[in-house]
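Worksheet: one structure, shown below.
The values are calculated or read from the model by the stated rules, or taken from the named source; none is laboratory data. If you're wondering where the values come from, they're calculated on a predicted model, not measured in any experiment. Cβ sites come from the backbone with ideal geometry, for glycine too, and all protein chains shown count toward neighbours. Note: accessible area is taken over every heavy atom of the protein model, side chains too, but ligands, DNA and RNA are not part of it. Shrake-Rupley method; radii C 1.70, N 1.55, O 1.52, S 1.80 Å.
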Amino acid sequence: MKTHVSKLKKSKILVTGGAGYIGSHTLVELDLAGYDFVVYDNFCNSSKESLRRVSKLINKNILFENGDIRDSEKLQQLFTKYNIEHVIHFAGLKAVGESVETPIKYYDNNVNGTLVLLDCMKKNNCKKIVFSSSATVYGDPSSTPIEEDFPLNPTNPYGKSKLFIEEILRDVFISDPEFKIVLLRYFNPVGAHVSGTIGEDPSGTPNNLMPFIAQTAVGKREFVSVFGDDYNTHDGTGVRDYIHVVDLAQGHLKAIQIINNITEVLTLNLGTGNGYSVLEMIKAFEKASSKNIPYKIERRREGDIASCFADPSYSFEVLKWKATKTLDEMCKDSWRWQSNNPNGYK
Ligand code: NAD
Ligand code: UFG
C-alpha cells in the first residue's frame, strides 16, 4: 500500500527565533507537554549555546536550522523537510532605541520577515501562528490596567513594527479565515529557568531594567541608573508588569493547545496584572540575591511612560492561564542565572 511520504512525518511546531530568550524557555515547556519542534534562527541576537543548554535540560537533540526569516528559499526547504503544523513566531529585533536609529533595518527584519514567513506558510498550507507582540503597541495608556481593546499608539519603529504585523495578520485572516492566529502582547519578561542554565543574555550594555540590576548585583556594573523619580506613581519611579519568562512560555503552550478552537484573531495580554516600580525591583533583587545594589536617580529616559500593567482577565478566560510566579521567584531565578553565568552564554 502506498502512503504519501509527508503524511508519515510527525507534525512539528516551527519556532522562529527559538534560540532567543523567550524562545529557549518556550522550547522547554513545549517538550514537557510532548510537542515536537524545529527551531529556525539566524543567531543575530543569540547563540547555539542556548540550544545546547535546552537540549541538555530536555535530554534530547534539538532540530534546528540556521536561517533568516527573510530567506524564502531556505524557509521553503524547511517546510518541505518537515511537516509543520504550527508556527510560534518569536524572530525579530527588539531594541527600542536601535529601532529609532535604524528604522529601515527594523521594518525589514520584523515586518518584511513576517511577510516572507506568512507567504511560505500559506503556500505550504500551514495556517496556525502564534505571534510575539508587545505591550508597547498600547503606547502611553490613558489608564491602567490595560485591556486588549485599549487604543493602540506605539511611539517608536519597534512598537510600530509589532502593530503593523498585527494588522497584517488581521488582514490575512480576513482573506483566508482558515488561518488561526493568536497575537500575544507581552508585558515585561524577566527571570530565567529555575535550573539557572538558560536565561536572558543581552549583548553589550543591557537596555532593560532587570538584566541591568542583575549585572550590578554580580559586580559587572557599578550602579543602576534609575530613570526618573518624578513620575505620577506611588514612589515616583516607573511602574511595569514584570512577568516570569516561564509563565510567559506556558502562555504560548496554552495558545497552541486552544488554537484549533478559535474562530477569529485572538489578541491577548500576557502579564501578571501587578505593577512594580523601579525602586521596588531593586529592593526585591537585593533581598533575593543578598547583595547590595547601588543606584542613582537620573533624569527620565526619553519615550518612557509612567505606568504600564496588564488586565490579564481575558487571557485567563480564554487560555485558562495565569502567571503564577512571584516577584521573589523572578528575582531569585534571574540571580541564579546571572551568578552562574556572569558572562551569559559566552
Ligand atoms: P531575543 O532577541 O532573545 O530572541 C529573538 C530571536 O530571533 C534571536 O534568537 C534572534 O537571533 C532571532 N532573529 C531575529 N531576527 C531574525 C531573522 N530575521 N531571522 C531569524 N531569526 C531572527 O528576544 P526575546 O526577548 O526572546 O523576544 C522574542 C520576541 O518577543 C521578539 O519578537 C520580541 O520583539 C518580542 N517581545 C520581547 C519582549 C522582551 O522584553 N523580551 C517584550 C515584548 C515582545
Ligand atoms: N529603567 C531604569 N533604569 C534602567 C533601565 C530601565 O530606571 O537602566 C526603568 C525604565 O525607565 C522603566 C522600567 O525601568 O520605568 C522598565 O524599563 P525596561 O527598559 O526594562 O522596559 P520597558 O517597559 O521600557 O520596555 C520593555 C521592552 C520593550 C517592550 C516593553 C513592553 O524593552 O521592548 O517592555 O511593555 F515593548
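Is it fair to say ASN188 is within 12 Å of ligand 1 (Cβ to nearest atom) and open to solvent by 40 Å² or more (accessible area, probe 1.4 Å)?
Values: within 12 Å of ligand 1 (Cβ to nearest atom): yes; open to solvent by 40 Å² or more (accessible area, probe 1.4 Å): yes.
When the stated conditions are applied, ASN188 passes them.
If you check every pair at least six apart or on different chains, which have Cβ atoms under 7 Å apart with a residue in segment 201-217 that is more than 10 Å from ligand 2 (Cβ to nearest atom) and at pLDDT 95 or above first and a residue that is open to solvent by less than 10 Å² (accessible area, probe 1.4 Å) and of a type in the set (A, V, I, L, M, F, W, C) second?
Matching pairs, first to second residue: ALA217/PHE285; ALA217/ILE293.
Restricting attention to segment 92-113, report how many residues are within 15 Å of ligand 2 (Cβ to nearest atom) and of a type in the set (A, V, I, L, M).
Summing the residues that are within 15 Å of ligand 2 (Cβ to nearest atom) and of a type in the set (A, V, I, L, M) in segment 92-113 gives 4.
Return the only residue of ASP119, ASP140 being within 12 Å of ligand 2 (Cβ to nearest atom) and either closer than 13 Å to LEU169 by Cβ or at pLDDT 95 or above (or both).
On the way: ASP119 fails: within 12 Å of ligand 2 (Cβ to nearest atom).
After ruling out the rest, the residue left standing is ASP140.
Would you confirm whether any residue within segment 24-44 is open to solvent by 30 Å² or more (accessible area, probe 1.4 Å), under 25 Å from MET330 (Cβ atoms) and not in a loop (DSSP other than H, G, I, E, B)? It would help to see each step written out before you state the result.
At the first step, the residues of segment 24-44 found to be open to solvent by 30 Å² or more (accessible area, probe 1.4 Å) are 32-36, 42-44.
With the extra rule that they be under 25 Å from MET330 (Cβ atoms), the set shrinks to 32-33.
Now drop any that are not not in a loop (DSSP other than H, G, I, E, B), which leaves 32.
Yes; the residues of segment 24-44 include at least one that is open to solvent by 30 Å² or more (accessible area, probe 1.4 Å), under 25 Å from MET330 (Cβ atoms) and not in a loop (DSSP other than H, G, I, E, B).
Being hydroxyl-bearing (Ser, Thr, Tyr) and part of a strand (DSSP E or B), is that true of even one residue in segment 200-210? Please lay out each step first, then the result.
Residues of segment 200-210 hydroxyl-bearing (Ser, Thr, Tyr): 203, 205.
With the extra rule that they be part of a strand (DSSP E or B), the set shrinks to none.
Scanning segment 200-210, I find no residue that is hydroxyl-bearing (Ser, Thr, Tyr) and part of a strand (DSSP E or B), so the answer is no.
For the subset of segment 89-138 comprising residues that are part of a loop (DSSP other than H, G, I, E, B) and within 14 Å of ligand 1 (Cβ to nearest atom), which member is surrounded by the most Cβ atoms within 10 Å (Cβ to Cβ)?
Of all residues in segment 89-138, those part of a loop (DSSP other than H, G, I, E, B) come to 90-95, 102, 124-127.
Imposing the further condition that a residue be within 14 Å of ligand 1 (Cβ to nearest atom) reduces the set to 90-95, 102.
On the way: PHE90: 24, ALA91: 29, GLY92: 24, LEU93: 20, LYS94: 22, ALA95: 18, THR102: 15.
So, considering only residues that are part of a loop (DSSP other than H, G, I, E, B) and within 14 Å of ligand 1 (Cβ to nearest atom), the one surrounded by the most Cβ atoms within 10 Å (Cβ to Cβ) is ALA91.
With respect to ALA323, is the statement that it is more than 26 Å from LYS160 (Cα to Cα), open to solvent by less than 30 Å² (accessible area, probe 1.4 Å) and assigned to a helix (DSSP H, G or I) true?
no
Taking THR237 as meeting all but one of (1) closer than 21 Å to GLY97 by Cβ; (2) part of a loop (DSSP other than H, G, I, E, B); (3) touching a residue at least 24 places away in the same chain (Cβ under 8 Å); (4) open to solvent by 10 Å² or more (accessible area, probe 1.4 Å), write down the number of the exception.
Single failed check for THR237: (4).
Considering only segment 140-154, state which residues are surrounded by 15 or more Cβ atoms within 10 Å (Cβ to Cβ) and in contact (Cβ under 8 Å) with a residue 40 or more places away in the chain.
Scanning segment 140-154 gives PRO141, THR144, PRO145, ILE146, GLU147, GLU148.
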